[in-house]
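The values are calculated or read from the model by the stated rules, or taken from the named source; none is laboratory data. Computed from a prediction, not measured in an experiment: that's the story for all the values here. Cβ sites come from the backbone with ideal geometry, for glycine too, and all protein chains shown count toward neighbours. Please note that ligands, DNA and RNA were not included when accessible areas were found on the heavy atoms of the full protein model with its side chains. Shrake-Rupley method; radii C 1.70, N 1.55, O 1.52, S 1.80 Å.
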Amino acid sequence: MTLALQTFSTVKDANMALQAAGTRYLGGGTLVVRAANEGDVSVSSLVRVTEPSLSAIAVSGGETRLGASVTMAAIARHPELAALAPAARAVGGPAIRNMATVGGNLFAPAPYGDFTVAMLALDAIVVTEDGQVPIQTFLAGRDASRAIVTGITFVLPRAESFRFLKVARVKPKGVSVLSIATLLQRAADGTVTSARIALGCMADRPMRARAAERALLGCRLTAEEIAPALAVAGEGTSPITDPIASAWYRNEVLPVHLGRLLLA
Amino acid sequence: MAKVPVQFTLNGSEKAEFVDSGTTLLHALRDKIGDTSPKGGCHQGTCGACSVIIDGELRLSCLTLAETCNGADIRTTSGLAEAGVLHPLQRAFLDAFATQCGFCTPGMIMAAKVLLDHTANPSREEVVEALSGNICRCTGYEPIIQAVLTAARANSQNAA
Ligand SMILES: Cc1cc2nc3c(=O)[nH]c(=O)nc-3n(C[C@H](O)[C@H](O)[C@H](O)COP(=O)(O)OP(=O)(O)OC[C@H]3O[C@@H](n4cnc5c(N)ncnc54)[C@H](O)[C@@H]3O)c2cc1C
Ligand code: FES
Ligand code: FES
């Protein structure tokens, strides 16, 4: 099975070519070339873009923009993106991180998509030539999406408000049992004034733990006060079952790991 | 299927080939150019046996399309020995029994090489992390970790 690769210098031209049947965008290729190697005949043609802006990282004040072709390795070593380094480093081994892109991670099905879990907790905005959509809307519609993602923007979190955890069995680089990212704002007395919690592997794509977010408001981060939030952490989840873990197991351990992350 | 030209530097020498569009770099290196040091273990990105160094970065040649490497500087394990003298990493792998069937070895050595290129004296944790995308079914990993640490020490003694 052979693939035809078309290279374009602008996103506009590539977007046109992408409308043809059987055509997919080529990011780092860690999922799409793998699929072709495995005999996925639904992909007959790949399109890529060499526009340099796709590989740019811009941080000004807290406003951050990552081009869609930025790799996990580039994020992990960027001095201003230290808060995101744990999430970028959670993706695969060193060679995968040199190839895996931000754009590709937005499309990665569970058990993948660890970096996107972090982006969901930050309520990032996904950018295409047609405009900008909140990440949650993007994720809900991604299966039907035909437009090239050009980048993602978000407000860089202060290190103390953002936490990320990937739970894997094989250390240091296993596939996720689950991953969790939290963004918490707290008042001077330590009570939570706003909470966003994103979960990976708890559905076919990253999702928010809305019930737990609501239950955390007004709580201090003590075992007693977070207990009601942990009790509802599994609301709305429908985890995947794969060789790493069953759906039942993922639901059982989610409150345990969320609790550890909140109390860390 | 139309053939496309690819042109890159492999271990310091210029290579040019015509390949089918969509050919992986692994396939181009092994079956077109004749460098069989990168191995095809899984073709899924999972085993690391196909690891090569492209423009100074570790990459998986099974998931890289050859056409995307035009103008690149590609390094493989077959280019490491100089004038018949093994590279310190190759020497250390042999001395430490870090290679048994040998299938994982060229990928392990590429992963170790990029680590040592950037980190002269890596810790054990750094070695484990650097090799974390490479699977070995024979050695149990310990001799490989020891070989990389030994090669790092040999390098820094030579530099001193
Ligand atoms: C061995 C191995 C281990 C892995 N481990 C992890 C892990 O631990 N965590 C994790 O999250 N992932 C993991 N992955 C999955 C994958 O490497 C990452 O999710 C990666 O970020 C995907 O990005 P890519 O650029 O390689 O995607 P590609 O394979 O290039 O693309 C994936 C899909 O997204 C589409 N796409 C890509 N970029 C764009 C764009 N800009 N616009 C529109 N569509 C686009 C493609 O058309 C394709 O359908 C692993 C993969 C392998 C092979
Ligand atoms: S053959 Fe490329 S990672 Fe296994
Ligand atoms: S020596 Fe046989 S796989 Fe590593």
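Counting only protein heavy atoms and using a 1.4 Å probe, what share of the accessible area of region A:55-95 belongs to carbon plus sulfur, as a whole percent? Could you put the intermediate results ahead of the total?
Working: 860 of 1560 Å².
Of all accessible area on region A:55-95, carbon and sulfur atoms account for 55 percent.
Rg and Dmax of region A:14-77, Cα atoms, in Å?
So, for region A:14-77, Rg and Dmax equal 14.6, 46 Å respectively.
From the phi of every residue in region A:159-171, what ³J(HN,Hα) in whole Hz does the Karplus formula 6.51 cos²θ - 1.76 cosθ + 1.60 yield, where θ is phi - 60° and glycine or proline is x?
In residue order, the calculated couplings are 3, 6, 8, 10, 9, 9, 9, 10, 9, 9, 8, 8, 9 Hz.
Pull out the extension gain between A:Asp40 and A:Ala188, defined as 0.36 nm times the separation in residues minus the alpha carbon to alpha carbon distance; nm, one decimal.
47.8 nm
Where the accessible area of chain B is counted over protein heavy atoms with a 1.4 Å probe, how much of it, in %, is carbon and sulfur?
Numbers: 3750 of 7270 Å².
About 52 percent, which is the carbon plus sulfur part of the accessible surface.
Express the relative contact order of region B:3-79 as a whole percentage, based on alpha carbon pairs under 8 Å and six or more residues apart in sequence.
On the way: 149 pairs, mean separation 29.0, N = 77.
About 38 percent, as a whole number.
For A:Ala168, which sequence-distant residues (separation of 5 or more, or a different chain) have an amide H within less than 5 Å of its own amide H, given hydrogens modelled in the peptide plane?
Sorted by chain and number, the residues that satisfy this are A:Val177.
Answer rounded, prolate or oblate for region A:64-213, using the Cα gyration tensor with square roots of eigenvalues a ≥ b ≥ c: rounded when a/c is under 1.5, else prolate when a/b is larger than b/c, else oblate.
Values: a/c = 1.34, a/b = 1.15, b/c = 1.17.
Taking the square roots of the gyration eigenvalues as a ≥ b ≥ c, region A:64-213 is rounded.
Give me the 1.4 Å probe accessible area per residue for region A:4-49, excluding ligands and nucleic acids, in Å².
For region A:4-49, the per-residue accessible area is 45 Å².
So what does log10 I(q)/I(0) come out to for chain B at q = 0.08, 0.15, 0.20 Å⁻¹, using the Debye formula with one equal point on every Cα and no solvent?
The computed values of log10 I(q)/I(0) come out as -0.23, -0.77, -1.25.
Might you tell me the accessible area per residue for region B:50-160, computed with a 1.4 Å probe and given in Å²?
Numbers: 5010 Å² over 111 residues.
Computed with neighbouring chains in place, this is 45 Å² per residue.
In cubic angstrom, how much convex hull volume per residue do the alpha carbon atoms of region B:75-160 span? Intermediate values should be presented prior to the final figure.
Values: hull volume 7.9 nm³, N = 86.
Once divided by residue count, the hull of region B:75-160 is 92 Å³.
Can you list the residues in region B:20-48 whose accessible area drops by at least 30 Å² when all protein chains are present, compared with the chain alone? Use a 1.4 Å probe, heavy atoms only.
So the qualifying set is B:Ser21, B:His43, B:Gln44.
Got a sec to turn the phi values of region A:138-145 into Karplus ³J(HN,Hα) couplings, 6.51 cos²θ - 1.76 cosθ + 1.60 with θ = phi - 60°, whole Hz, x for Gly and Pro?
Using θ = phi - 60°, the values come out as 4, 4, 4, x, 5, 5, 9, 6 Hz.
Summing +1 for each Lys or Arg and -1 for each Asp or Glu, what net charge is found among the other residues whose Cβ lies under 11 Å from the Cβ of A:Asp143? Write down the numbers at each step before the final one.
Numbers: positive: A:Arg142, A:Arg146, A:Arg205; negative: A:Asp204.
Charge balance near A:Asp143 sits at +2.
Nearest 100 Å², what total accessible surface is buried between chain A and chain B (probe 1.4 Å)?
Protein heavy atoms only, the A-B interface buries about 2000 Å².
Might you tell me the accessible area per residue for region A:208-264, computed with a 1.4 Å probe and given in Å²? Before the final figure, lay out the partial values.
Numbers: 2970 Å² over 57 residues.
I get 52 Å² per residue for region A:208-264.
If you wrap region A:127-181's Cα atoms in a convex hull and average its projection over all directions, what's the area in nm²?
Values: hull surface 22.4 nm².
So the Cα hull casts an average projection of 5.6 nm².
Once the convex hull of the alpha carbons of the protein assembly as shown is built, what does its volume come to per residue, in cubic angstrom?
On the way: hull volume 67.0 nm³, N = 424.
Dividing the Cα hull volume of the protein assembly as shown by its residues yields 158 Å³.
Viscosity 1.306 mPa s, temperature 10 °C: what is the translational diffusion coefficient of region B:3-79 from Stokes-Einstein with a Kirkwood Rh over Cα pairs, rounded to a whole number of µm²/s?
The Stokes-Einstein estimate is 132 µm²/s.
Short version: which residues of region A:1-35 lose at least 30 Å² of accessible area, all chains versus chain alone, 1.4 Å probe?
The answer is A:Thr2, A:Leu3, A:Leu5, A:Val33, A:Arg34 - residues whose exposure falls by at least 30 Å² when every protein chain is included.
Given that compact globular proteins tend to follow 2.2 N^0.38 Å, what is the ratio of the alpha-carbon Rg of region A:4-49 to that value?
Working: Rg = 10.3 Å, N = 46, 2.2 N^0.38 = 9.4 Å.
Rg over 2.2 N^0.38 Å, computed on Cα atoms: 1.09.
Would you calculate the convex hull of the Cα atoms in region A:159-263 and tell me its volume per residue in Å³? If you can, show how the numbers build up before the last one.
Working: hull volume 9.6 nm³, N = 105.
Hull volume over Cα atoms, normalised by residue count, gives 92 Å³.
Whole-Hz Karplus ³J(HN,Hα) for region A:196-205, in order, using 6.51 cos²θ - 1.76 cosθ + 1.60 and θ = phi - 60°, x for Gly and Pro?
For region A:196-205, the Karplus curve yields 10, 10, 10, 10, x, 6, 8, 7, 6, 8 Hz.
Which whole-number percent gives the relative contact order of region A:101-243, counting Cα pairs below 8 Å spaced six or more residues apart? Intermediate values should be presented prior to the final figure.
Details: 276 pairs, mean separation 31.8, N = 143.
Reported as a whole number, the value is 22 percent.
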